Amino acid sequence: MTNKNIPLKKLKFKFVASSLLIIFLFVLSLTTFIYGYNLTQEPILAVLLFHDVVENPKEPYEITQKKLEEYIDKLLALKYKPVDPNNFENLLFKGFKGKNFMVTFDDGTDSEYFAIEKLYKKYGIKSVLFLVEDFMPRPENLSQEDIKKLRAECGTYLGLHGKHHIRYPEQIKRNKNFAKFTEETRVRLGNIFGCNITWVSYPFGDYNPNIINELKEKTALNLAFTVESGLITPDTNKMEINRYMYLGGLEPNQEDLKLSLALMPPENHSNGQLLINLSVMAFFFLISRLFLVWKYYKALAILKIKTEDSKEKK
């Protein structure tokens with residue numbers, strides 16, 4: 001082995017190593033881009049929960065109309081589409097694409113009337129209103145006439161929130177005929193408002209497996225909504241549908257971080273965009289190495305010619 005062969009061997013090693021690196025970077029950037037893109041296209045179905053809509057919130061669950069509309073504006077800017085409650089079950093059972101959200105209100109307080117009406121008139125959004133039967137005669141709650149008007153003029157979808165606003169586990173302890181009692185309330189409200197009520201939201205979000213079995217087996221309720229945060233997936237238990245419940249602070253500009261971080265933008269979509277950015281960086285690094293490999297290739301070609309000339313002279 002002569003010293004003249006050492007530079008040539010080193011150059012060949014650099015050429016081969018850089019070529020392998022380029023192949024690795026290409027595979028890495030391509031797979032990362034595909035995976036990231038798929039994450040950004042992952043379908044989303046989210047249900048939002050609001051309560052009182054007031055000018056001066058005094059409780060964490062209260063929200064101003066301005067703040068409520070800010071959330072809706074953000075979602076629409078992120079290409080979310082509002083779901084018509086009449087189509088919700090179809091999406092739930094048959095599948096969904098893109099980013100979707102549905103708005104719900106619990107309790108049927110008087111302050112919710114304007115909010116539901118404004119969402120419909122400004123955005124074309126139909127809301128779901130979960131009713132407590134015993135609340136309707138109260139002056140601080142929506143009357144039967146108010147609810148009928150919301151149904152007729154704003155397409156409001158009605159659900160059950162109970163006869164009394166009492167936790168279901170407590171009710172079932174007091175009343176052995178809990179399911180029958182709940183079914184009677186469901187039928188009675190349906191007759192009052194001329195609709196078939198098949199959805200329920202658990203009062204205070206409190207439920208257990210026994211409650212679920214009672215409702216599934218002894219009532220005509222087929223969807224039940226919780227106050228637990230989370231996106232809806234195809235395998236979501238239809239009696240444990242998550243909702244993002246607004247719980248803001250009492251400071252003027254304090255956000256509901258649970259809602260903001262989860263949906264604006266959604267975590268998986270953010271991760272997907274990050275992977276796409278990384279794949280683009282890897283691709284540009286690949287390009288820079290490609291120029292280096294071309295440089296090594298030309299140097300090898302020159303060395304080869306020189307070596308052949310040297311042999312011919314000998």
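Before moving on, here are some points about what is shown:
- For the stretch 43-264, the relative contact order comes to 22 percent (Cα pairs under 8 Å, sequence separation of at least 6).
- Cβ crowding within 10 Å, taken as a proxy for footprinting-reagent exposure, orders TRP294, TRP199 from fewest neighbours to most as TRP294, TRP199.
- Here the simple spin-label model places points 7 Å from the Cα toward Cβ, and for ARG138 and LYS79 these points are separated by 4.3 nm.
- Between helix 85-94 and the chain there is an angle of about 50 degrees, using the helix long axis and the longest principal axis of the Cα atoms.
- Rounded, prolate or oblate (a/c below 1.5 giving rounded, otherwise prolate when a/b exceeds b/c) for the chain by Cα gyration tensor: prolate
- Of the residues ALA152, ILE302, ILE44, the one whose Cα sits farthest towards the positive end of the charge dipole of the chain is ILE302 (charges of +1 on Lys and Arg Cβ, -1 on Asp and Glu Cβ, taken about the Cα centre).
- Projecting label points 7 angstrom from Cα along Cα→Cβ for PHE204 and GLU170 puts them 0.4 nm apart.
- DSSP finds beta bridges in the chain, and of those with both partners inside it, around 5 percent are antiparallel.
- Positive-end residue, the chain charge dipole about Cα centroid, Cβ charges, pick of ILE241, PHE33, LEU231: PHE33
- The charge dipole of the chain, taken about its Cα centre with unit charges on the Cβ atoms of Lys, Arg (+1), Asp and Glu (-1) only, comes to about 3040 debye.
- Modelled FRET efficiency - R0 51 Å, ARG289 with LYS258, Cβ distances, 0.05 increments: 0.70
- Straight-line reach from LYS238: taking Cα to Cα under 19 Å and skipping same-chain neighbours fewer than 8 places apart, the aspartates and glutamates in range are ASP84, GLU89, ASP106, GLU183, ASP206, GLU214, GLU217, GLU228.
- Crossing angle, helix 209-218 versus the chain [Cα axis fit, 0-90 degrees, rounded to tens]: 60
- Counted residue by residue at 0.36 nm each, then reduced by the alpha carbon distance between them, the extension gain from LYS216 to LYS58 reaches 53.2 nm.
- Nearest 10 degrees, 0 to 90: helix 65-77 Cα axis against the chain principal axis: 40
- Packing-based exposure ordering (other Cβ within 10 Å, fewest first) of THR198, THR32: THR198, THR32
- Where only DSSP H runs of four or more residues are counted, the chain gives -18000 deg cm²/dmol as its mean residue ellipticity at 222 nm, each run worth -39500 (n - 2.57).
Quick note: the coordinates plus some simple rules give every number you see, no bench work behind them. Note that this is a predicted model, so its numbers are computed, not measured. In this analysis, Cβ positions are derived from the backbone assuming ideal geometry, glycine residues included, and neighbour counts consider all displayed protein chains.
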